[in-house]
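This report refers to the structure that appears directly beneath it.
Please treat every number below as a calculation from the coordinates, not as lab data. This is a predicted model, so every value here is computed, not measured. No Cβ is skipped: glycine too gets one built from the backbone with ideal geometry, and neighbour counts run over all protein chains shown.
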Amino acid sequence: MRIKSFIVLLFFYTLAWSSPSDKDNCLKILEPTKQASVKVIAEDFPWWFNLGLAKTETNCKWRISLDGHSSIGYFQLTPKFLDTLLRPVYPDYTKPYSTQHFYAFAYYLKSILVKPLWITYQRYNGGDWVLKECKRANSFKWEDCKKECRRGMVCVWKVGAECKQYRSACDINYSYSLKIYKNGLKYKSGTDTSKFTFF
């Protein structure tokens with residue numbers, strides 16, 4: 001009984017005294033994400049949402065995806081689609097832990113930038129479908145555009161060649177921007193500007 005009590009106390013002591021970086025991978029990439037965002041996109045860009053994207057995509061860990069497209073890095077950039085845009089400017093963007101990865105991400109995000117920002121992040125995740133939906137809605141409000149979403153189902157769990165679970169592409173894409181918003185606010189510093197509103 002004493003050993004169990006000791007282990008429980010040790011567990012809580014460790015939790016209480018561990019540093020934030022032990023709990024949050026994103027703190028390790030905060031500075032390069034911020035630096036690339038403000039240098040490439042704009043000085044007053046709310047960079048914390050880009051950190052929220054890394055949190056959403058990979059929990060801020062360097063990953064090579066098994067998504068069938070070989071997406072890579074903290075932000076899951078996809079060379080199959082982005083090499084012609086990114087490789088001439090950032091030739092080392094796919095190398096593990098390269099600072100060029102942060103700049104390449106910001107460069108690509110700037111190339112698809114639309115206001116309000118939620119649309120930009122949904123384009124990052126699901127392409128230009130959101131633009132068509134907002135055009136049909138004659139609005140840039142998240143709720144209005146979502147009502148106009150008419151996409152198919154996506155396999156989200158596959159075993160061998162058989163799909164075990166499907167999910168609505170609308171639900172996936174429209175929840176993506178909400179996750180980025182929520183995850184990004186954890187790292188917010190400074191004030192939002194009217195130039196870059198999220199919603």
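Summary of computed values
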item	result
Those residues of the range 71-101 whose amide nitrogen sits under 19 Å from the label point placed on residue 155, 7 Å along Cα→Cβ	71
Among the listed pairs 61/164; 55/80; 95/164; 28/141; 55/115, those beyond 31 Å (Cα-Cα)	95/164; 28/141
Calculated FRET value between residue 189 and residue 70, using beta carbons and R₀ = 41 Å, to 0.05	0.75
Span from the the range 26-79 Cα centroid across to the the range 118-161 one, whole angstrom	21 Å
Burial ordering of 199, 45, 105, 140, fewest other beta-carbon atoms within 10 Å first	199, 140, 45, 105
Interchain or long-range residues, amide H under 5 Å from residue 77's placed H	72
